[in-house]
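S.K.: Right, I'll just put the structure down here and ask away after.
The values are calculated or read from the model by the stated rules, or taken from the named source; none is laboratory data. A quick note: this is a predicted structure, and the numbers were derived from the prediction, not measured. So basically every Cβ, Gly included, is an ideal-geometry build from the backbone, and we count neighbours across all protein chains shown.
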Amino acid sequence: MNDPKKRLLGMTLPELKAMAVELGMPAFTGGQMAQWLYGKRVADIDEMTNLSKQNRERLKAVCEVGRMDPVDCQRSADGTIKYLFPVETSSPTTHHPSAKVETVFIPDGDRATLCVSCQVGCKMNCLFCQTGKQGFEGHLTAADILNQIFALPEAEQLTNIVFMGQGEPLDNLDAVLKAIEILTADWGWAWSPRRITVSTVGIRGKLQRLLDECDCHIAVSLHAPSHELRSELMPAERAMPIAETIELLRGYDFAHQRRLSFEYIVFEGVNDTLAHARAIVKLLQGLDCRINLIRFHQIPDVPLRGTDDATMLRLRDYLTQHGCFTTIRASRGEDIQAACGMLITKSEK
Ligand code: SF4
């Protein structure tokens, strides 16, 4: 049986150069491949026309670009599009050839944001999240993460990328950092890291590495200002309490180009009182950050309800008046289950 072809998508410049040399080509051919793959987003080795025909044939014998088109798409009345992408999960114990993830394209005036996934399912098991209910099925490779961007029909329109889809980025940090390196390197897609936001619950040891190794914006899933309440909503709080996360964040500069935000889904009668708002102000005092209040989108079998608009406005105003710049995030794609916390894909096992 022939070995499966290696996927060029997801390889860094040094990896592409090493591949070129291994196949008997000059190392600079790796740089040309990077330009075709990431600068010009070609889907086929034959499109790399400044490689000699002989070199293209050598490359095609063992490699492929590895782009995989979405297998399904749903369009919301508000213009949001949810794509279903096939992936090759990297963990051999959880490998499912049929694994898929959801990716959400959100056009908004002159902005267009893509919400990408980094795992099939998630281990974090947040009470309010469909992906958490799905459980964990595997890590995406850097190629799988990049494929959601490079095989997107609207890739040219993108202005922002957020790692807020399925999975916890810090739990698959090597692949996430590798994808970000390829997106932001001069030899890669050459995007500014300021157009990329990584969202996280906070994981000890990993958050510091993320902050040290990339310049992207950071969004922390807060959802509750106290250890007790956050533990009930998010089991990850027991492993890394929010107070520890905040202390760590205080050691970094968010006053200039890099932005820090806190995501706060508002649940009726759970985390939506002025006492909660006061606790948030106290917790975040002195940090350069913004808060995004998010409406809860009802999911099955979860005893939580979204709060009403008047309470959302009251919270926003209190927080803003007390020094925390706060916005209410518009809900997008709810009619196609593409909104925050609603993504779910089960493999056909
Ligand atoms: S909210 Fe994020 S971290 Fe929590 S279960 Fe869902 S995908 Fe995982």
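S.K.: Please work out which one of (1) closer than 26 Å to residue 170 by Cβ; (2) not in a helix (DSSP H, G or I) is the condition residue 248 fails and give its number.
M.R.: Result: residue 248 fails condition (2) only.
S.K.: Go through the residues of the stretch 126-140 one by one and say whether even a single one is crowded, with 20+ Cβ neighbours inside 10 Å, of a type in the set (A, V, I, L, M) and under 30 Å from residue 28 (Cα atoms).
M.R.: Looking through the stretch 126-140, at least one residue is crowded, with 20+ Cβ neighbours inside 10 Å, of a type in the set (A, V, I, L, M) and under 30 Å from residue 28 (Cα atoms).
S.K.: Quick one: would you say residue 313 is touching a helix residue (DSSP H, G or I) at 6+ places or on another chain (Cβ under 8 Å), away from the ligand (no atom under 16 Å from the Cβ) and not in a loop (DSSP other than H, G, I, E, B)?
M.R.: no
S.K.: Follow-up. Quick check, is residue 45 within 30 Å of residue 20 (Cβ to Cβ) and among the hydrophobic types (A, V, I, L, M, F, W, C)?
M.R.: For residue 45, the condition - within 30 Å of residue 20 (Cβ to Cβ) and among the hydrophobic types (A, V, I, L, M, F, W, C) - is met.
S.K.: While we're here: Given the conditions (1) buried (at least 16 other Cβ atoms within 10 Å of the Cβ); (2) within 16 Å of the ligand (Cβ to nearest atom); (3) more than 17 Å from residue 173 (Cα to Cα); (4) not polar (S, T, N, Q), report the number of the one that residue 232 does not fulfil.
M.R.: Checking residue 232 against (1) buried (at least 16 other Cβ atoms within 10 Å of the Cβ); (2) within 16 Å of the ligand (Cβ to nearest atom); (3) more than 17 Å from residue 173 (Cα to Cα); (4) not polar (S, T, N, Q), the one that fails is (1).
S.K.: Return the residues of the stretch 113-129 that are near the ligand (Cβ under 8 Å from one of its atoms) and out of contact with any strand residue (DSSP E or B) (no Cβ under 8 Å at 6 or more places or on another chain); say none if nothing qualifies.
M.R.: If the condition is that a residue be near the ligand (Cβ under 8 Å from one of its atoms) and out of contact with any strand residue (DSSP E or B) (no Cβ under 8 Å at 6 or more places or on another chain), then 124, 125, 129 are the ones that fit.
S.K.: Moving on. Would you check which residues across the stretch 135-174 are farther than 20 Å from residue 68 by Cα, polar (S, T, N, Q) and more than 13 Å from the ligand (Cβ to nearest atom) and list them?
M.R.: If the condition is that a residue be farther than 20 Å from residue 68 by Cα, polar (S, T, N, Q) and more than 13 Å from the ligand (Cβ to nearest atom), then 159, 160 are the ones that fit.
S.K.: I need the full set of residues from the stretch 194-243 which are free of Cβ contacts under 8 Å to residues at least 40 places away in the same chain and either within 17 Å of the chain's Cα centre (by Cα) or outside the structural domain of residue 124 (by TED's automatic domain parsing) (or both), in order please.
M.R.: Those that are free of Cβ contacts under 8 Å to residues at least 40 places away in the same chain and either within 17 Å of the chain's Cα centre (by Cα) or outside the structural domain of residue 124 (by TED's automatic domain parsing) (or both): 195, 196, 198, 200, 203, 206, 209, 213, 214.
S.K.: So if I check each of 316, 295, which one is in contact with a strand residue (DSSP E or B) (Cβ under 6 Å, 6 or more places away or on another chain) and modelled with pLDDT under 95?
M.R.: Just one listed residue meets the conditions, 295.
S.K.: Also, quick follow-up: Do we have residue 151 as under 18 Å from residue 10 (Cα atoms) and either of a type in the set (Gly, Ala, Ser) or touching a Cys at 6+ places or on another chain (Cβ under 6 Å) (or both) here?
M.R.: So residue 151 passes the test.
S.K.: Kindly provide the set of residues from the stretch 22-50 that are touching a residue at least 24 places away in the same chain (Cβ under 8 Å), aliphatic (A, V, I, L, M) and part of a loop (DSSP other than H, G, I, E, B), ordered by number.
M.R.: 23, 25, 43 - these are the residues of the stretch 22-50 that are touching a residue at least 24 places away in the same chain (Cβ under 8 Å), aliphatic (A, V, I, L, M) and part of a loop (DSSP other than H, G, I, E, B).
S.K.: Which pairs have Cβ atoms under 7 Å, sit 6 or more apart or on different chains, and link a residue in the stretch 119-144 that is on the phi > 0 side of the Ramachandran plot to one that is near the ligand (Cβ under 7 Å from one of its atoms) and assigned to a loop (DSSP other than H, G, I, E, B)?
M.R.: Note: pairs meeting the criteria are 121/166.
S.K.: Taking the stated definitions as given, is residue 305 within 20 Å of the chain's Cα centre (by Cα) and either in the same structural domain as residue 256 (by TED's automatic domain parsing) or under 28 Å from residue 256 (Cα atoms) (or both)?
M.R.: no
S.K.: Residue 132 passes all but one of (1) more than 12 Å from the ligand (Cβ to nearest atom); (2) touching a Cys at 6+ places or on another chain (Cβ under 6 Å); (3) not polar (S, T, N, Q); which number fails?
M.R.: (1)
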